[in-house]
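Structure record follows, encoded as structure tokens.
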Amino acid sequence: MRRLKHNKSVMVGLGFITIIVLCAVFAGELSPNDPMKINMSLRFTEPSQSFPLGADAYGRCVFSRLLYGARYSLGLAFLVMIGIVITTIPSGMAAVYKGGFFERIFLWLCDISMALPPTVLVLAIMGVIGNGIANLVFSTLFSYWGWYGRMVRSYTQTELAKGYVTYAVTGGASGVSVLVRQVLPNIFPGLIILFALGIGDTILMISGYSFLGIGLPSGLPEWGAMLNDAKSMLLQAPQYAIYPGVCVFITVCAFNLFGEGMRKALAVGGMGVNYE
Amino acid sequence: MNKDTILAVRDLSVRYLSTGVNIEKMTFEIGRGKVLGLVGESGSGKSTVCNAILGLLDSAAVQISGSVRLQDKEILPLFWDEREKINGKEIGVILQNSMAAFNPCMRIRTHFIETLYTHLLCSKRDATLYGIELLRKVGLPDGQRVMRSYPYQLSGGMLQRVMIAIAISLNPVLIIADEPTTALDTGNQAIILELLSFIMKEYKPAMLLVSHDMDTVTALADDIAVMKDGRVLEQGTKTKILHDPQVGYTKELLASAGLMEETDCLRSGM
């Protein structure tokens, strides 16, 4: 813990993440205007007291839209990551522990997920079962699942071969207790890093899809969608594209800084995976 | 079978389906309060014997036949759910590399609690107090501090003692000591050996002592079995093995440990 406190990138990343999460949680209280309210008389108004970043092509408050956008971006990314955590960790660990047939099936599923390029997959799923937030989350989850499943499996495999697992077994520990009490705490630091980096990735991916108009219904204040709206007037009013772009940039940076910093801080003490 | 016999291994054969050591037809018995020393070079199959007794061998990778009886109960074909009741409770284990044998993110206290809680329904507080008492017995008087420590904060010798304390915590009938002194320096080796003989006197379990070092084995064992390439070459009481070795390999081992005059070896045509 002390090492983490002294690690600059962890603290900076964590600081930004806290600010962004607070923005997302208190978007309702912080935003000066309704992010969805269209008022054509306010089109392209200059920044002012009541409209801190001005209004967009439909007269909606840009600042409020950015705050609410944090909700969508973070919310969806967390949803995808939680889905991945609760599916990959139990199944990956169980697959390694059971071995043989189960492990092969698990790896096949991972391979299927990894073999399909995410963009193609998302477009295909959207084409077949229709547009919508649930479908977007499902298809993102599906295309990321294999990568994380494989990582969980390899972490577990490394730990299961270690002496303390043998020792626990000789002490009469059951299979579940070995996995949950012995192995899980040891692979946890590695997984935190993995999932922190993954959140940054997912935010980018979801913003990318809504930039393409996939997933979220139009008009929602998602950062990628806002970029898409600003695209048509990029030369006349570039600031409308810059604001959401900066937001995505800062958020992804914050999660990556946090993840990278964690990795370095934990690798020094011999915990986690050292890539250097 | 004698009623004092704790562990009886009959015709134990282990065949690795890929490659490696094969154990062929091992037979031995250990009585209450007795120590059987299993000596042999690396790769002779000593650890495989331990793993077979503990049920640690992967049934998909090995073929096991024969019988292992612990107090008249056949334990070789047991499944995991029954195994869990025996390992730790009736069989205590001391492994060789104590630095690697403890979970790095669990305090020593948690290791005690895990072991005790798996087999007895006792509270965490009782487990800790009992653990401190055991630590005092194995020569770690500041039990409170040891209990609070993480494994990396203790030395190898201390961890080995903690492991012995955990092994005796449930008063097992059999202790398997797989190279208990190998990873330690000479001073600590002597201390651990002394401790083990104290345990033998105090608790009177049966002990299977595995080592490649003739010195260690002769210090503790009542009977000695010499293994090479998965076979028992020679087996008998300590006195017999020490003073009247029949096989050339035993003589070599004794000579290398300085327990036999070099000239004796030469004279016997080696």
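The figures follow:
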item	result
Counted charge near B:Ala127, where neighbours are those whose Cβ lies closer than 10 Å (Asp, Glu -1; Lys, Arg +1)	+1
Most mobile listed residue (A:Ala254, A:Ala225, A:Ala265) in chain A, GNM with C-alpha springs under 10 Å	A:Ala265
Relative contact order (%) - chain A, alpha-carbon pairs under 8 angstrom, separation at least six	24
Within straight-line cross-link reach of A:Lys264, lysines at Cα separation under 22 Å, skipping those fewer than 8 residues along the same chain	A:Lys5, A:Lys8
Relative contact order (%) - segment A:1-99, alpha-carbon pairs under 8 angstrom, separation at least six	22
DSSP beta bridges in segment B:5-267 [antiparallel fraction, %, rounded to 5]	55
Sites A:Gln49 and A:Lys231, calculated FRET efficiency, Cβ-Cβ separation with R0 22 Å, nearest 0.05	0.15
Flagged links, alpha-carbon separation over 31 Å, of B:Lys34/B:Lys228; B:Lys137/B:Lys238; A:Lys162/B:Lys238; B:Lys85/B:Lys240; A:Lys98/B:Lys73; B:Lys137/B:Lys240	A:Lys162/B:Lys238; B:Lys85/B:Lys240; B:Lys137/B:Lys240
Tilt relative to chain A, helix A:133-160 - C-alpha long axis, 0 to 90 degrees, to 10	30
DSSP-defined beta bridges in segment B:149-238 - what % are antiparallel, rounded to 5	55
When the protein assembly as shown is reduced to its Cα atoms, the Kirkwood hydrodynamic radius in Å	27.7
Contour excess over end-to-end distance, with Cα ends at B:Trp80 and B:Glu252 and 0.36 nm allotted per residue	57.8 nm
Kirkwood-based shape ratio for chain A, expressed as Rg/Rh from alpha carbons	1.06
Global size of segment A:1-123 as Cα Rg and Dmax, reported in angstrom	22.0, 67
P(r) histogram, all alpha-carbon pairs of segment B:5-267 included - 10 Å bins from 0, percent	7, 29, 35, 22, 6, 1, 0
Residue exposure sequence - B:His243, B:His212 - by fewest surrounding Cβ within 10 Å	B:His243, B:His212
For A:His6, B:His119, order by how many other beta-carbon atoms lie within 10 Å, fewest first	A:His6, B:His119
3J(HN,Hα) from dihedral phi, segment A:240-247, Karplus parametrisation 6.51/-1.76/1.60, rounded to Hz, x for glycine, proline	5, 7, 5, 4, x, x, 4, 4
Segment A:182-235, relative contact order [Cα under 8 Å, separation at least 6], %	25
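The numbers here are math on the coordinates, done by the rules we state, and not lab data. Only a predicted model underlies this, so the values are computations on that prediction, with no experimental measurement involved. Every residue, glycine as well, gets a Cβ built from its backbone with ideal geometry; the counts of neighbours run over all protein chains shown.
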